[in-house]
Structures are given as structure tokens and as C-alpha cells.
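Each remark here refers to the structure printed beneath this line.
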Amino acid sequence: MRNKTEVIVVGGGPAGISAAITVARAGKKVVLIERGSYSGSKNVFGGAIYVQPTKEIFPNFEESAPLERKTVSHKYILRTETKTVSVDYMAREEASNSYSVIRSKFDRWMAQEAQKEGVVLVTETFVKELLVKENKVVGVKTELEEYFADIVILADGVNSLLAKQIGLRKEIKPKDVALGVKEVIKLGKDKIEERFNLKDGEGAVYEIFGDPMLGMLGLGYVYTNKETISIGIGISLDELAKRKLKPYEILDGIKSHPSFSPLVKDGELVEYSAHLIPEGGYKKLPKLYSHGVLVVGDSAMLVNNIHWEGTNLAMISGKLAGETAIIALDKNDFSANTLALYQKKLEKSFIIKDLKTYKNVMDIVHDRAKSFLGYYPNKIADFFNMFTAVDSIPKREKYHRFIASIFTDRSISELVKDGFAFLKIVLGVLK
Amino acid sequence: MTDKEKKQSSIDDKLFKVKYVSDEESHLKPDAIQCLVCKSKVCTYICPANVYEWDEENKRLIIGYENCLECGACRIACEKKCIDWAYPKGTKGVTFKHG
Ligand SMILES: Cc1cc2nc3c(=O)[nH]c(=O)nc-3n(C[C@H](O)[C@H](O)[C@H](O)COP(=O)(O)OP(=O)(O)OC[C@H]3O[C@@H](n4cnc5c(N)ncnc54)[C@H](O)[C@@H]3O)c2cc1C
Ligand code: SF4
Ligand code: SF4
């Protein structure tokens, strides 16, 4: 048949590229279709990629991939209206765990590596719909042509209209995604290293919670690149909608906030972008396979939003889908029965295990959002205020007063509810 | 500059930096009848590119689809779930150089 191959992968992000390269390495025929003019041209993240999972796909990537900076410094900033508590973590000597990258360079590099290993990459081509025959996915329809394959792997990202088309995925709710908006600001190498206290090639990640986010579920962040920094926010779409806030105004708020304004001062805006982040976690996972089709990465909502991990779940789920496709091709059996192996592989990996660990966290946090984002950050700041004050009041007396204030500020029933919510999170994570 | 003007110029500056190739036809098609009865007009503030503006006089949405960043937020947040939403054609739309 004309236009027929063994595997078609839709979407040339980390998930799709990893799936395609895995299939090609086994000597099978695979076509990777990307709508952008090159891989990465439509993609946005924080962000940093993680070393260990990236090595599983590209063992020597540190030698030739376009990397920006090796993350050595983390800073978590908790702000209330008037006070700041921050935790710094510097790990200079450790082997690197993550690198900041620029997606338009890094995804493009990954796609070129995949081409070297036999993946046929087709860019500027938008897959409009899946071709379905007798309940089986048999190919894809682009703007110009129809292409057929034994297996189609969906790696078309968070909005995956294709997974929805064949009923694997339900309509996303605003609560199950966060909207990220971001600016890339040019500062130059010297200013970056001076302001973030870094040596040559070292990078920093700053995260900010609390008041600058107007008490909403979300966070602000800064990542350092070679010559630029990325500054952005990620906020639950549900909260943005309810509060009638414009996302870029919150971003402007973060940029002019005293914790961040010295970092961006005199920088030149070079790009503005936006992207959604899946936040539903384990409970919102779609159906991951059907006859002739597998779903990977963000299209399968595989993101661990508590740790802001996405690219690693994308890469490893892509690899596992690729391995499953190889087995199905060898058996010449593309039924859901055979492709169910993909789900089993995911369940055995860290991906589903981690998502299960955190499965209740978002519900609980949404539920108790006011106290977790309003009352407690204030209380923590008060504690440090008390702890550091030199005011001739005996320390023990101050501790007693502080503890008493928790009970007088807040009704016992609210405290009990918060306590329960907190316990549920901790027990959910540790059990 | 008033506060409102400052805010407008800040988003204009941001959008000015984005690289687009625009199509002749909009890839964003809300159902105008639903928009008439929609109370929140949530698309007009949720969109990170300020694509939607409500024209009170003519009772319709003005859609600056050329500025769309292709995030998908409006489709999910729309009060009436009535936006016929697609990505622009393969050669069109936004290109991120940094992402
Ligand atoms: C603001 C933000 C910050 C983040 N920070 C981090 C971070 O620091 N670290 C981290 O690990 N993760 C982070 N993530 C998550 C991470 O970016 C994603 O989980 C990851 O990119 C998912 O990879 P993917 O390949 O599944 O999807 P994507 O990277 O979205 O790739 C999908 C690809 O499919 C293409 N496509 C879509 N539809 C079609 C179609 N119909 N036809 C053809 N092509 C199509 C797109 O153009 C795109 O190239 C962040 C996300 C956001 C939004
Ligand atoms: S939110 Fe939806 S229904 Fe309401 S005005 Fe916008 S597009 Fe129309
Ligand atoms: S997809 Fe995103 S940028 Fe485009 S119109 Fe909708 S909300 Fe705005």
C-alpha cells in the first residue's frame, strides 16, 4: 500500500521523539509528524530536563546536546504581604541532576538525533484526525494526505484533540490544567552569574509561593539560561477563571515583586509565551491504549505537577510505548489486548507509582486552598519574625505565645480540618 | 500613563516579541449565539494573548486570532464550551525561538 508504514508518531516533543527513536533502533519503519516548522518551535516549558531519564534515551547527550546551565542552586521563597521566608539549597559538587535548556534548540537536537537513527521526520504537517476502520486506528489524516500504519502513537501534547476524537480522553476541566505564561529576558552571562551567585556554566532555579500569586494555587519561577533567564508563572486555570484575572498581569506582578525585581532589572524582553500543564494526576489519566493506538506524555496527562516533572515522564512513557510497538510488530498483532502491555510497563515504572503516591494531593490542596495559601504562610513568617526578634522577652514565653496565637487566630474546627488534610497528604505520600 | 494604559502597553510589548505567520482565516470559532447569552465572558480575561474582546455595541466578540499563542486555555475555560478550536495549519501560527 502507498503511504503505509509500520509506526506513525504524532507530535515531535520529548514523548514522540523518544517513542520514534526506540522503534527505529529496533529496525522498524517509523514516521514522526510534527506540526511546527521544526521540533520545539511550538513548545514551551520552565525549565529544566533531568539527566537520568534523558540518558535512557540519549546515553551521551551531555557531550553534544544544546544545554544551557547545570542546575546547582535551588531557592524556595515563601512570601506574605510583608515578610519573606526562603530556603536555599546549593549542591555544587554533586553530579548534575538537571540542566536548563531552550526547547526550540533541545527538541530540535533530539529530533535530529532521531533522524540519524532512521526516524523519518515530517515537519509543518498537522494531523487533523485519526483514521478509524472497524473500531481500529489505522492511520492519520493530514491537511493534504492520508497515511496508514500498523500502530499510531499519540504524542500531541496536553490538548490532545486526537485522543479525544477516539474517546480515549474526556473533555479536560479547568481544574485539571494550569496555565503557564513566561518571559525570556536577556541579561548576559556576567549579570546572570553575579545576580544568582553562580560560577561559569552553573544554573539556578527559584520558586516563589504565597502572596505574589495572590493566594492562588500556583507558583512563580525563574530559571537561568546561558545568556537569558526564564521568568514565569503557572496557575490553576480554574482559579484564574473564578477570579477574573489576566495571567500576564500576575506575571508583571511577579517581575516587579521585591524578591524578583533585582534579578530582572535592566533586562531585555526577548520572548513571551504560554502553554498549558496537565495537573489532574493519577485520577485523571485517560485510557492509554486501544486497537492500533497508544497515548504518551502530556497527551496522556503524564505530569507530576508536585515536582514539576513532565519531560522525564514524557521520555520514559515514549520509550515504553516504543518497546510495546516493537513487540506488537513482531507478533503482527495490534489489538488492544497486546497493546495493554504498555499500561503494564507504565505501572511497573516510576511514572504510575509516583502519580499514585500523589493522587490525593491536588484534591486536598484545592479543598483547603485558603488555609494552605493564606493562613499558614503568614504563620510561618510570623514564626521567623518571633524567632529572630531581639526584644528582651524570654524565648520560652515567646514560643508559648506563638503556639497560643495559632489557637486564638483560627477556630479549632478549621485547625482540625487543616490537620486532617495535612495528614492525608503525608500519609498518602508515605504509605 | 494611567494604570490601564500601562497594562495595555505591557501586554502589547510582550506580544510584539512573538513571531507569527498568520493565516487568512481564524482557527478560533466561538458560537456567536452562545456568546450572546454567556455571562462571564471568561475568554476575554483568561487568554494570555488578549485575543478576545467583547464589543458591547455590536454584541459580538472581536477575535484577534493572529496573536494566538496556541495554548488551548480558552477552549477549556469557555463558559459555554462553544469554541470550535483548532491549531492553525502546519505552516502557520506562532514560532517560539526560546520556549
Ligand atoms: C510552563 C511550563 C513549565 C514546565 N516546566 C517543566 C520543567 O521545568 N521540567 C520538566 O521536565 N517539565 C516541565 N514542564 C512539562 C513539560 O514541558 C511537558 O510535560 C513535556 O513537554 C511533555 O512532552 P510531550 O512530548 O508529551 O508534549 P509536547 O512537548 O507538548 O510536544 C507535543 C508536540 O506535538 C506537536 N503536535 C501537537 N498536535 C499535533 C498535531 N495534531 N499534528 C502534528 N503535531 C502536533 C506539537 O507541536 C509538539 O511539538 C513544564 C510545562 C509548562 C507548560
Ligand atoms: S467564554 Fe465562550 S461563550 Fe463566553 S463569550 Fe467567550 S467564547 Fe463566547
Ligand atoms: S489558545 Fe490560548 S492564546 Fe490562543 S486564543 Fe485561546 S487562550 Fe488565547
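The values are calculated or read from the model by the stated rules, or taken from the named source; none is laboratory data. Predicted model, so just to flag it, every value in this text is computed and none were measured. Note: ideal-geometry Cβ built from the backbone for every residue, glycine included; neighbour counts use all protein chains shown. These accessible areas exclude ligands, DNA and RNA; they are computed on the full protein's heavy atoms, side chains included. Shrake-Rupley method; radii C 1.70, N 1.55, O 1.52, S 1.80 Å.
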Return the residues of the range B:4-20 that are of a type outside the set (Lys, Arg) and surrounded by 14 or more Cβ atoms within 10 Å (Cβ to Cβ); say none if nothing qualifies.
B:SER10, B:ILE11, B:LEU15, B:VAL18, B:TYR20
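Looking for whichever is more than 28 Å from A:SER41 (Cβ to Cβ) and more than 7 Å from every other protein chain (Cβ to nearest Cβ) here; the options are B:LYS29, B:LYS81, B:LYS19. Which one fits?
Numbers: B:LYS29 fails: more than 28 Å from A:SER41 (Cβ to Cβ); B:LYS19 fails: more than 28 Å from A:SER41 (Cβ to Cβ).
After ruling out the rest, the residue left standing is B:LYS81.
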Scan (1) open to solvent by less than 70 Å² (accessible area, probe 1.4 Å); (2) within 12 Å of chain A (Cβ to nearest Cβ); (3) more than 16 Å from ligand 3 (Cβ to nearest atom) for the single condition B:ASP55 breaks and write down its number.
(2)
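Here is a list: A:LYS128, A:LYS105. Which entry is within 24 Å of the chain's Cα centre (by Cα) and within 14 Å of chain B (Cβ to nearest Cβ)? Walk me through how you get there before you give the answer.
On the way: A:LYS128 fails: within 24 Å of the chain's Cα centre (by Cα).
One residue alone meets the criteria, A:LYS105.
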Quick one: in the range B:21-52, of everything that is open to solvent by 60 Å² or more (accessible area, probe 1.4 Å) and farther than 18 Å from B:LYS80 by Cα, which residue is farthest from ligand 1 (Cβ to nearest atom)?
B:GLU24
Go through the residues of the range B:33-46 one by one and say whether even a single one is facing chain A (nearest Cβ under 8 Å) and among the polar types (S, T, N, Q).
yes
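For the range B:1-95, give me every one of the helices (runs of 4 or more DSSP H) that falls completely inside it and has 2 or more residues that are modelled with pLDDT of 95 or more and within 16 Å of ligand 2 (Cβ to nearest atom).
B:32-37, B:43-46, B:73-77
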Of all residues in the range A:337-362, count the ones that are open to solvent by less than 20 Å² (accessible area, probe 1.4 Å) and in contact with a Ser or Thr (Cβ under 7 Å, 6 or more places away or on another chain).
4
A:ILE49 being open to solvent by less than 20 Å² (accessible area, probe 1.4 Å), away from ligand 2 (no atom under 16 Å from the Cβ), touching a strand residue (DSSP E or B) at 6+ places or on another chain (Cβ under 7 Å) and within 14 Å of another protein chain (Cβ to nearest Cβ):
yes
Wholly enclosed helices (runs of 4 or more DSSP H) of the range A:1-120 bearing at least 1 residues of a type in the set (Lys, Arg)
A:14-25, A:51-57, A:103-116
